[in-house]
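Engineer: Here it is, the structure in full.
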Amino acid sequence: MTAILETERLIFGYPSRRTAASSEPVIKALDDVSLAVEPGRVLGIVGESGSGKSTLLRTIVGLNGSGYTGSVRFRGQTVDHSASKASLAPFRAAVQMIFQDPGGSLNPFKTIRHTLSAALDSVPATAPMTDRLAALLDRVGMNETALDRRPSEFSGGQLQRLAIARALASNPSVLLCDEPTSALDVSIQAQILGLFAALKHEGSAFVFVTHNLGVLGHVADTIAVMFRGRVVEVGPAREIINNPQQPYTAALIAASPRLKNRGALMENARRRLGLVTTAAEART
Ligand code: ADP
Ligand code: MG
């Protein structure tokens with residue numbers, strides 16, 4: 001299957017305050033990142049805090065401008081992040097971001113009706129707005145009773161559903177999710193992951209960023225492991241979790257409370273990496 005979204009050799013650095021006027025290198029937040037995701041698939045990105053995960057998503061959508069090298073391709077076309085707002089609009093509508101803090105994409109002073117209607121307004125449709133609002137809320141497991149309330153009246157899990165609804169309003173084909181469940185209680189996390197699974201079933205592609213590899217074991221088809229701006233390991237999710245090739249990945253697995261049998265997995269990983277000698281190996 002052909003990729004819907006790809007990055008090719010993406011390199012991006014934040015200008016550091018100290019070096020802005022000098023020729024010192026900037027902080028390299030992305031270092032040669034080439035990844036791809038296909039329709040209906042979930043690309044999971046895992047790595048510790050500061051490894052460049054958010055930078056990757058922000059660079060893809062254009063929040064970091066056009067000051068990167070390499071390319072972002074959407075449906076086979078290179079995205080020009082320096083292009084006009086109007087010419088980028090179709091890309092912006094098709095590739096939506098979901099953040100850890102769902103409040104961030106919902107205006108605290110506006111009703112949900114206002115926020116969702118505004119998001120739906122930019123999309124041509126024939127159905128009446130009330131029907132479209134009801135259909136949108138239904139997709140995220142909520143209903144019209146949410147419409148005349150403001151964000152402060154909802155729980156974290158409900159807010160994340162509403163933020164996802166806002167993102168879905170433009171019928172995106174790719175959702176870039178930055179730690180979308182990290183701020184939620186474990187039981188609510190499972191509900192939101194279930195919602196993503198349903199959306200995936202509808203054909204959406206996902207790039208799902210988390211520092212918790214355990215979450216990815218449930219949702220990702222492919223996992224890319226990032227460390228200091230680089231992709232250090234990428235492969236089918238099951239292989240990455242059951243048989244990591246990099247010590248860094250094995251350490252992430254050991255640190256994931258939600259992965260079952262992680263002791264055994266870790267032992268297996270360590271053995272393959274030659275970090276320990278088992279009794280059986282010692283006899284040979
Ligand atoms: P992650 O999402 O994996 O925690 P980030 O993409 O946020 O990692 O950060 C990657 C690197 O870029 C880190 O070294 C971080 O300190 C740096 N960084 C992130 N945002 C900025 C910024 N706005 N300005 C300067 N440096 C930043
Ligand atoms: Mg981040």
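The values are calculated or read from the model by the stated rules, or taken from the named source; none is laboratory data. Here the structure is a predicted model, which means the values were calculated and not measured. Note: ideal-geometry Cβ built from the backbone for every residue, glycine included; neighbour counts use all protein chains shown. Ligands, DNA and RNA are excluded from the accessible area calculation, which covers all protein heavy atoms including side chains. Shrake-Rupley method; radii C 1.70, N 1.55, O 1.52, S 1.80 Å.
Engineer: What are the residues in segment 52-65 that are under 14 Å from E8 (Cα atoms) and more than 13 Å from ligand 2 (Cβ to nearest atom), if any?
Structural biologist: Kept after step one, since they are under 14 Å from E8 (Cα atoms), are these residues of segment 52-65: 56-57, 59-60.
Within segment 52-65, I60 is the sole residue that qualifies.
Engineer: For segment 105-126: of the residues being in a loop (DSSP other than H, G, I, E, B) and touching a Leu at 6+ places or on another chain (Cβ under 9 Å), which is surrounded by the most Cβ atoms within 10 Å (Cβ to Cβ)? If you could, list the steps in order and put the result at the bottom.
Structural biologist: Of all residues in segment 105-126, those in a loop (DSSP other than H, G, I, E, B) come to 106-111, 122-126.
Imposing the further condition that a residue be touching a Leu at 6+ places or on another chain (Cβ under 9 Å) reduces the set to 106, 111.
Values: L106: 22, T111: 16.
Checking each candidate, the answer is L106.
Engineer: Tell me which of these S49 doesn't satisfy, since it passes every other one: (1) of a type outside the set (D, E); (2) open to solvent by less than 30 Å² (accessible area, probe 1.4 Å); (3) within 11 Å of ligand 2 (Cβ to nearest atom).
Structural biologist: (2)
For (1) within 16 Å of ligand 2 (Cβ to nearest atom); (2) within 24 Å of L63 (Cβ to Cβ), each residue gets a yes or a no:
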{"site": "V174", "(1), (2)": "no, yes"}
{"site": "S187", "(1), (2)": "no, no"}
{"site": "H201", "(1), (2)": "no, no"}
{"site": "T210", "(1), (2)": "yes, yes"}
{"site": "R228", "(1), (2)": "yes, yes"}
{"site": "V231", "(1), (2)": "yes, yes"}
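Engineer: Which is within 21 Å of the chain's Cα centre (by Cα), part of a helix (DSSP H, G or I) and among the charged types (D, E, K, R), of R73, R92?
Structural biologist: Working: R73 fails: part of a helix (DSSP H, G or I).
One residue alone meets the criteria, R92.
Engineer: Can you tell which of Q246, Q189 is open to solvent by 10 Å² or more (accessible area, probe 1.4 Å) and in contact with a Ser or Thr (Cβ under 6 Å, 6 or more places away or on another chain)?
Structural biologist: Numbers: Q246 fails: in contact with a Ser or Thr (Cβ under 6 Å, 6 or more places away or on another chain).
Being open to solvent by 10 Å² or more (accessible area, probe 1.4 Å) and in contact with a Ser or Thr (Cβ under 6 Å, 6 or more places away or on another chain) holds for just one of Q246, Q189, which is Q189.
Engineer: Confirm whether E144 is open to solvent by 60 Å² or more (accessible area, probe 1.4 Å) and in contact with a Leu (Cβ under 9 Å, 6 or more places away or on another chain). If you could, list the steps in order and put the result at the bottom.
Structural biologist: On the way: open to solvent by 60 Å² or more (accessible area, probe 1.4 Å): yes; in contact with a Leu (Cβ under 9 Å, 6 or more places away or on another chain): yes.
Yes; evaluated as a whole, the condition is true for this residue.
Engineer: Also, quick follow-up: Looking at S22, S49, S16, can you tell me which residue is under 18 Å from the mean Cα position of the chain (by Cα), outside any strand (DSSP E or B) and modelled with pLDDT under 95? Full working, then the answer.
Structural biologist: Numbers: S22 fails: under 18 Å from the mean Cα position of the chain (by Cα); S16 fails: under 18 Å from the mean Cα position of the chain (by Cα).
Just a single option satisfies the conditions, and that option is S49.
Engineer: While we're looking at this one, here's another question. Just one of (1) surrounded by 19 or more Cβ atoms within 10 Å (Cβ to Cβ); (2) in contact (Cβ under 8 Å) with a residue 40 or more places away in the chain; (3) within 13 Å of the chain's Cα centre (by Cα) trips up I253, so point out which.
Structural biologist: Single failed check for I253: (3).
Engineer: Residues of segment 221-241 being part of a loop (DSSP other than H, G, I, E, B) and crowded, with 23+ Cβ neighbours inside 10 Å, which ones?
Structural biologist: Filtering segment 221-241 for residues part of a loop (DSSP other than H, G, I, E, B) gives 221, 228-229.
G229 - this is the single residue of segment 221-241 that is part of a loop (DSSP other than H, G, I, E, B) and crowded, with 23+ Cβ neighbours inside 10 Å.
Engineer: Among the residues of segment 201-220, what is the count of those that are closer than 21 Å to E8 by Cβ and more than 13 Å from the chain's Cα centre (by Cα)?
Structural biologist: Number satisfying all stated conditions: 0.
Engineer: While we're on this one: Residues that are over 26 Å from R228 (Cβ atoms) and more than 16 Å from ligand 1 (Cβ to nearest atom): does segment 63-73 have at least one? Before you say what the answer is, go through the steps one by one.
Structural biologist: To start, the set of residues in segment 63-73 that are over 26 Å from R228 (Cβ atoms) comprises none.
Looking through segment 63-73, none of the residues is over 26 Å from R228 (Cβ atoms) and more than 16 Å from ligand 1 (Cβ to nearest atom).
Engineer: With the requirement that a residue be open to solvent by 10 Å² or more (accessible area, probe 1.4 Å), among the polar types (S, T, N, Q) and under 12 Å from Q100 (Cα atoms), what does segment 147-186 give you?
Structural biologist: S182
Engineer: Given the conditions (1) in contact with a Phe, Trp or Tyr (Cβ under 8 Å, 6 or more places away or on another chain); (2) β-branched (V, I, T); (3) touching a residue at least 40 places away in the same chain (Cβ under 8 Å), which single one is not true for V79?
Structural biologist: Failing condition for V79: (3).
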